[in-house]
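Colleague: Before anything else, here's the structure in question.
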Amino acid sequence: METVETVDRASGLSGRAKLTLSYAGFLMLAGALLLAAVWVFLLRYVPERALIVPGSTGVPTDVFPVRSNLLRVFAPRAAAVLVILLVIGLVGGWILAGRMLAPLTRITDAARMAGSGSLAHRIGMKGRQDEFRELSDTFDSMLERLESHVAEQQRFAANASHELRTPLAISRTLLDVARKDPTRDRGELVERLHAVNARAIDLTEALLLLSRGDRGDFTRERVDLSLLAEEAAETLLPLAERRRITLDVTGGAAGTSGSAELLLRMVTNLVQNAVVHNLPDGGTVTVHTEAYGDTSVLRVENTGPQLPPELVPTLTEPFQRGTERVRTDEHAGAGLGLAIVHSIVRAHDGTLDLASRPTGGLVVTVRLPGPPP
C-alpha cells in the first residue's frame, strides 16, 4: 500500500488515512445520533424526583428511578460505547480503506511503469465490473494504443531514416566517383544528381505532408469530392494514357468539410496508386463519388495483380509498398501514398477501407462526414 499511502503535501494525510478517518467519523456520528435519540425519546421523560406509586393496600408497588441516577449510570457506559465505536471505526476503516484502494495501487504501479517507458505491462484486473474495473480496462486500452502508436512511430522513424539516407548515400557516391575520375561526363553526373535530389525533396515533402495530416491543423471549408476526382483524373490522364490504362470518373456530387488542398492530395494519391499498380497493358481505373445521407463516399477501384489478403491491411503503413518495396519505375514512390491518404482521412474524421478484388487489383473506399448545414 506504499503507493496509495503517499503523503499528500497539502493535508499531510494519505488517501487511506483520510478514508479511515471518514469511516471512523461516520461511525462516531451514527453512535452519537443513536445516544441522542435515547436521550430525546427516553431519558427526558424520566422524572427528576423519585416517584412512588402506592398499591391498593397502601404499600408502594412501583418506584420510578430518578433521572440523575440514570444519567450517572448511563453516561460512563455511553462514553465507553463511543470509545469502542472509535476503535472499531479506526481499525475497521483502515482495513476497509486498504481493500478499497488496493486496485488503485495496481493502476498506479502500471502508470509508473508506463512513465518509465515500459508500455507492455497490463493490469488485467479480474472480478466484477465496477468503477475500478472500468478504470483498469480503460487504462489497459490506453496502454495498448500507446504501445501500438510508439511502435508505429519507431518503425516510421527507422524507415524514414533509411529512405532519406539512400539518396544522400547515392549523391556522395556519385560525387566521389566524379572526384576520382575527372574525365567522367559531367552532364550525366548532373542529371543523376538532379534525379536523386528530386527524389529526396519529394520524400521530404511527403513526410511533411504526412505530419501535417496527423496534426490536423488546417482550415475547414466546403469541398466537393467529385470536383477533386475530376481534377486528379485530368492531372493523371497523361500517365494513364502512357500506360494504356482507361481512367473513368463516375458518380455525382459528394460534399464534405475540410482542407481542399489535403483532400485533393488524398484523391490524387489514390488515383496515382491505382494507375501505377495496375496491369502492364489494358488496365482500368474507376473513380466513383456519391453521397449517402450525411456521408460522402469516394471509391477508387483498379485492376492489377492479385494481392494476398494479409498484405492489404499493411498498405497504409508508412513505406509499405504492394510490390514488396521494389521500385519498378520512377513512379513507384516512397511508400507514403496510402499512409498520407490514411492520415488525411483520419484528420477529416473519416474512414478508409481497403479490399482486394477477386480478379486482381484493389478497391479503396473513403467515407467522410457530409458538410455541416
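Colleague: I'm trying to understand the selection: among the residues of segment 227-268, which are surrounded by fewer than 23 Cβ atoms within 10 Å (Cβ to Cβ), polar (S, T, N, Q) and under 34 Å from the mean Cα position of the chain (by Cα)?
Modeller: Listed by number, the residues that qualify are Ser257, Ser259, Thr268.
Colleague: Now for a different question. Failed condition for Ala274, given (1) of a type in the set (A, V, I, L, M, F, W, C); (2) at pLDDT 90 or above; (3) outside any helix (DSSP H, G or I), with all others met?
Modeller: With respect to (1) of a type in the set (A, V, I, L, M, F, W, C); (2) at pLDDT 90 or above; (3) outside any helix (DSSP H, G or I), Ala274 is out only on (3).
Colleague: Further question: What number of residues within segment 269-285 are surrounded by 17 or more Cβ atoms within 10 Å (Cβ to Cβ) and acidic (Asp, Glu)?
Modeller: Matching residues across segment 269-285 total 0.
Colleague: Continuing with this model, one more query. Taking segment 341-363 as the region of interest, how many residues are within 19 Å of the chain's Cα centre (by Cα), under 13 Å from Leu315 (Cβ atoms) and either open to solvent by less than 20 Å² (accessible area, probe 1.4 Å) or at pLDDT 90 or above (or both)?
Modeller: So the count comes out to 1.
Colleague: Taking the options Val300, Val267, name whichever one is outside any helix (DSSP H, G or I) and either touching a helix residue (DSSP H, G or I) at 6+ places or on another chain (Cβ under 6 Å) or modelled with pLDDT of 85 or more (or both).
Modeller: Val300 is the lone residue from the list that is outside any helix (DSSP H, G or I) and either touching a helix residue (DSSP H, G or I) at 6+ places or on another chain (Cβ under 6 Å) or modelled with pLDDT of 85 or more (or both).
Colleague: Let me confirm something: among Gly15, Gly115, Gly98, which residue is under 50 Å from the mean Cα position of the chain (by Cα), exposed (fewer than 12 other Cβ atoms within 10 Å of the Cβ), at pLDDT below 80 and under 23 Å from Phe132 (Cα atoms)?
Modeller: None of the others qualify; the one that does is Gly115.
Colleague: Which condition number in (1) out of contact with any Gly (no Cβ under 8 Å at 6 or more places or on another chain); (2) closer than 21 Å to Ala151 by Cα is the one that Arg128 fails?
Modeller: For Arg128, the failing item is (2).
Colleague: Also: Please enumerate the residues belonging to segment 209-226 that are modelled with pLDDT under 80 and either on the phi > 0 side of the Ramachandran plot or open to solvent by 70 Å² or more (accessible area, probe 1.4 Å) (or both).
Modeller: Selection gives Asp214, Arg215, Gly216, Asp217.
Colleague: Count, please, the residues in segment 188-201 that happen to be open to solvent by 40 Å² or more (accessible area, probe 1.4 Å) and out of contact with any Pro (no Cβ under 6 Å at 6 or more places or on another chain).
Modeller: 8
The values are calculated or read from the model by the stated rules, or taken from the named source; none is laboratory data. Bear in mind that the values here come from a model prediction, so they are computed numbers and not experimental data. Counting neighbours? That spans all protein chains shown, and the Cβs are built from the backbone with ideal geometry, glycine included. Side chains included, ligands, DNA and RNA excluded: accessible areas come from the protein's heavy atoms. Shrake-Rupley method; radii C 1.70, N 1.55, O 1.52, S 1.80 Å.
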